[in-house]
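Data first, discussion second: the structure below is written as structure tokens.
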Amino acid sequence: MNPEIFGNGSTGGRARLLRIENLNYHIDGVPILKDISFEADKKEFIGLIGPNGAGKTTLLKCINGINKGTGCIELDGTDIRTLNNRQIASKIAMLHQDTTVTFPFTVMDIVLTGRYHKLGRFRPETTEDYAVARRCMEYTDTLKLENRLINTLSGGERQRALFARVLAQETDLILLDEPSASLDIAYEEQLFKYARELSDNGKAVIAAVHDLKTAVRYCTRLIMMKEGRIIADGSPESVITRENLRSSYGVDAIVYRNRVTGLVDFHISGGSRSRKDLSVHVIGGGGSACGVIRQLFEAGCRITAGVFPHGDSDLSCADIFGIRALACRPFSEIDDNSLKENIELVKAADMTILCDMPFGLQNIRNLEAAAYASELIIIEDTDPRNRDFTGGKALELYNGLKKRAVVVDSARLHEVI
Amino acid sequence: MNNLNVYKKMGIMLPAMFLLLLFTIIAAVALGAVYVPLGRSFRIILDNIGLIDDPALPQEQVSIIFRVRLPRVIVACVAGAALSACGAVMQGLFRNPMADPGVLGVSSGAGLGAIIAITTGFAARSIYTMPLFAAVGALCTVTLIYLLALRKGKIAPLTLILSGIAVSTFIGAVTQFILIRSNTYEVRRYVFWTMGGLSGMMWEQVRLITFPVLVLLAVLMMFSRELNLLQLGEEEAQSLGLEPSRTRKLLLLFTSLITAVAISVCGPVSFVGLIVPHMVRLIAGPDHRLLIPASALGGAIFLTGCDILGRLPADGEIHVGIITAILGAPYFLYLLIRTRRVGGAF
């Protein structure tokens, strides 16, 4: 860690870095921001999210003093309207959305413009300014581009050079306006990593973020906007909810905790076909039912599922999609009660789907239940002989079911529903 | 060359251009109806500023060079430097390679001031009244155009250019209306001024423009860094700590002042402010710390050179404004065509 880039990071329990209260902003009488209030502190990495036109960029420009709204924006306890641009630039740095520079300045010259607020009319750049610029360029891996012309760089290189300039301003607060707009995913990751590292080390970062998954991953806090208002503010877990996604983006999304990354994740349903008339029961386990449940969900079917042992990923999947699923104790045989309930669900459904699942003594009774299906679909992606761990008993039942079932592979599931 | 540090580039370009300017000045002093060899011309200049003492120099040549040619050449240098540096600043202000001081209506305003000075008879009373009237006319016009382009305390570049065209045309019509009612002598005098003539320049004119132009040039150079920031875009510049509107207003004021001073003496010489900074930019790059002084030197060289060309015909000299227009217009068209092909601004 380089303390000279990150600052000492000690807030010493001081007042909030940024305080916004009842900020309103109009363009020609049309309200763009409505009653925005929030506070931001050092060490926070706040992601502004919301659909296009929600007012994210406008808000950042208000904080930067470019847009003059009504209400109060305080920085370190000082109203920014009492500060001139030079004073603001010493406290807030902003990376704008459109980063194209058409004039052939060298990268070093561009990064040095970050020092402008420290220079006087008769005070040229000192060796210290150059040292700061070099340090910031080293951090964003652009020092080797020092003498290149900015208009000849690739989008990613240019973005990192401009990020170095933002750092060269040496401010406590950094604003990033959709920093990943022109980047491929590797650089996008890197930029967010830098930003998170900066906030962890004592700066405050507020970024308008387009990609919600990136926002969840790197931001410590999210502020969700819609039509110029803040509709949610808090930890990523508390902001990314099904209700919030629906009201801000107008999408129907499944929100869950991703078992691989451990982060909040979501899945936006693509289906508009509604098969509310069709009820389907899914028998699976060991993760075999997840994809099937998603497909059925998007097709708009009424779904039940079971029986899954507690802790099975199919059970969490059912939970995420909010469908009824039967559960039993793990590592033990399905009890009579669960079997009975399962048979009832199978009978009640128009269709039962048996997933491409392994069979053991614990779940063999699921095959018994499947026999009661009025219409049975068997998904067979792999040879059932390799999935039988009961010494042939399950396979016998399975083959019996197969005689009166429709057998498909999972890629063709949509054809039968 | 473009990748060099700007200070290193300054160290190479500015001395080189300065030497070229010195050579051009000596050539301009030596050439003319009476040819004075280069070496002797140089000695005459040195003798007159007291650096050497050579009583053997022929007196009639001394007076041609020192009383007639040298003031004329100095006015050409100062006016060329002023117009060209202003062009560089205006192009930076508007981020548009086609902008020049004429956009602001300085020329038309100065023209109206000049014709008023001539027809009212003030011009005949003192050599200072016509420049004064021209400068006042220029500043009034700029102020009017500026006020028309002002929206909520900000200047919209496009509105400024459009209102500049409208006001210039109107003022041009007023000037022509006055001209129609003027007598032949007055018309002749006005036409003489608009063609951008350098003949008849004396030490009074040198004194009149040199000091204000040099001071204002120094002021413009102090805004180099601000101009560089403006190239990045208005909002970017603001995020970096610049006050874009205030900087624009100040720079517009200074450029119109300096242009008014220059053309009040030598008439509205066209295209100097457009093509010189443009050519200089090709070598110097976009950094105004170098661009402004290099454009000033380049403008001085260019205008002095044009004046030499104008004096070459034996059957009477051609006004320098005609020469600059003959050279400048094709270059301007070339720029237009190239911009259209590449698809740049304008």
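Quick notes
- Residues losing 40 Å² or more accessible surface upon assembly, region B:1-34, compared with the chain by itself, 1.4 Å: B:2, B:3
- Solvent-accessible area of the protein assembly as shown (1.4 angstrom probe, protein heavy atoms only): carbon and sulfur portion equals 58 percent.
- 23 Å Cα-Cα reach of residue A:144 towards lysines, excluding residues that sit fewer than 8 places from it in its own chain: A:193, B:8, B:9
- Note on region A:279-416: percent of Cα-Cα distances in each 10 Å bin, starting at 0 and stopping at the bin with the largest distance, equals 13, 49, 35, 3.
- Spin-label pair residue A:52-residue A:409: with each label point 7 Å from Cα along the Cα-Cβ axis, the two points sit 3.9 nm from one another.
- Mean separation of Cα pairs under 8 Å and 6 or more residues apart, divided by the residue count, gives chain B a relative contact order of 30 percent.
- Taken along its three principal axes, the alpha carbon spread of chain A comes to 92, 47, 41 Å, from the longest extent down to the shortest.
- Going from the chain on its own to the full set of protein chains, region A:59-108 has these residues losing 50 Å² or more of accessible surface (heavy atoms, 1.4 Å probe, no ligands, DNA or RNA): A:66, A:85, A:96, A:103, A:105.
- For region A:43-150, a Kirkwood radius taken over Cα pairs fed into Stokes-Einstein (4 °C, viscosity 1.567 mPa s) yields D = 80 µm²/s.
- Close amide H contacts of residue A:266 (hydrogens built in the peptide plane, cut-off under 5 Å, sequence separation of 5 or more or a different chain): A:256.
- Global form of region B:203-346, assessed from the alpha-carbon gyration tensor, a/c cut-off 1.5: oblate
- Membrane-span-like helices in chain B, defined here as complete DSSP H runs extending at least 24 Å along the helix axis by their C-alpha atoms with mean Kyte-Doolittle hydropathy no lower than -0.5, are B:6-30, B:70-94, B:129-149, B:157-180, B:203-222, B:244-266, B:288-311, B:320-342; this is a sequence and geometry rule, not a statement about a membrane.
- Accessible area in square angstrom per residue, chain A, 1.4 angstrom probe: 43
- q = 0.25, 0.28 Å⁻¹, region A:312-377: log10 I(q)/I(0) [Debye, one scatterer per Cα]: -1.35, -1.48
- Taking chymotrypsin sites (Phe, Trp or Tyr not before Pro) as exposed when their DSSP state is a loop state and no more than 11 other Cβ atoms lie within 10 Å, the longest site-free interval of chain A runs over A:123-330.
- Within the protein assembly as shown, the cysteines lacking any other cysteine Cβ closer than 4.7 Å to their own Cβ are A:62, A:72, A:136, A:219, A:301, A:328, A:355, B:77, B:86, B:140, B:266, B:306.
- Computed across region A:280-335, the Kirkwood radius stands at 11.0 Å (inverse of mean 1/r, all Cα pairs).
- Per residue accessible area in Å² of region B:199-346, where ligands, DNA and RNA are left out and the probe is 1.4 Å: 37
- Computed over region A:3-252, the P(r) curve from all C-alpha pair distances, binned at 10 Å from the origin, holds 7, 31, 37, 20, 4, 0 percent per bin.
- Cα-based equivalent ellipsoid of region B:6-339: semi-axis lengths in Å, sorted from largest, via gyration tensor: 33, 26, 17
- Helix A:155-168 vs. chain A, principal-axis angle (Cα, 0 to 90°, nearest 10): 50
- FRET efficiency for residue A:220 and residue A:382, using Cβ-Cβ distance with R0 set to 45 Å, rounded to 0.05: 0.55
- Gyration tensor (Cα) of region B:187-235, equivalent ellipsoid semi-axes in angstrom: 35, 17, 6
- With N the number of residues in the protein assembly as shown, Rg(Cα) / (2.2 N^0.38 Å) evaluates to 1.40.
- Area hidden from solvent between B and A (accessible, protein heavy atoms only, 1.4 Å, total, Å²): 2800
- Among beta bridges that DSSP assigns inside the protein assembly as shown, antiparallel share in %, nearest 5: 45
- FRET E, pair residue B:183, residue B:214, Förster distance 35 Å, beta-carbon r, rounded to 0.05: 0.40
- Listing of region B:237-251 residues, each with accessible area lower by at least 30 Å² in the full protein assembly than in the chain alone (probe 1.4 Å): B:238, B:239, B:240, B:241, B:243
- Proximal lysines to residue A:402, defined as alpha-carbon separation beneath 23 angstrom and excluding residues fewer than eight positions away on the same chain: A:340, A:347, A:393
- Residue B:51 versus residue B:148: modelled label distance in nm, points set 7 Å from Cα along the beta carbon direction: 4.8
- For residue A:258 and residue A:100, the difference between the fully extended length at 0.36 nm per residue and the C-alpha to C-alpha distance is 53.2 nm.
- Placing a pseudo-label 7 Å from each Cα along the Cα-to-Cβ vector at residue B:337 and residue A:227 gives an inter-label distance of 5.6 nm.
- Taking all pairs of distinct alpha-carbon atoms in region B:120-180, Kirkwood radius in angstrom: 13.1
- Given in Å, the Rg to one decimal and the Dmax to the nearest whole number for the Cα atoms of region B:9-167 are 21.1, 68.
- FRET efficiency, residue B:165 to residue B:195 (Cβ-Cβ, R0 25 Å, nearest 0.05): 0.65
The values are calculated or read from the model by the stated rules, or taken from the named source; none is laboratory data. In this text the structure is predicted, and so the values were computed from the model without any measurement. Every residue, glycine as well, gets a Cβ built from its backbone with ideal geometry; the counts of neighbours run over all protein chains shown. What goes into the accessible areas is simple: the full protein's heavy atoms, side chains included, and nothing from ligands, DNA or RNA. Shrake-Rupley method; radii C 1.70, N 1.55, O 1.52, S 1.80 Å.
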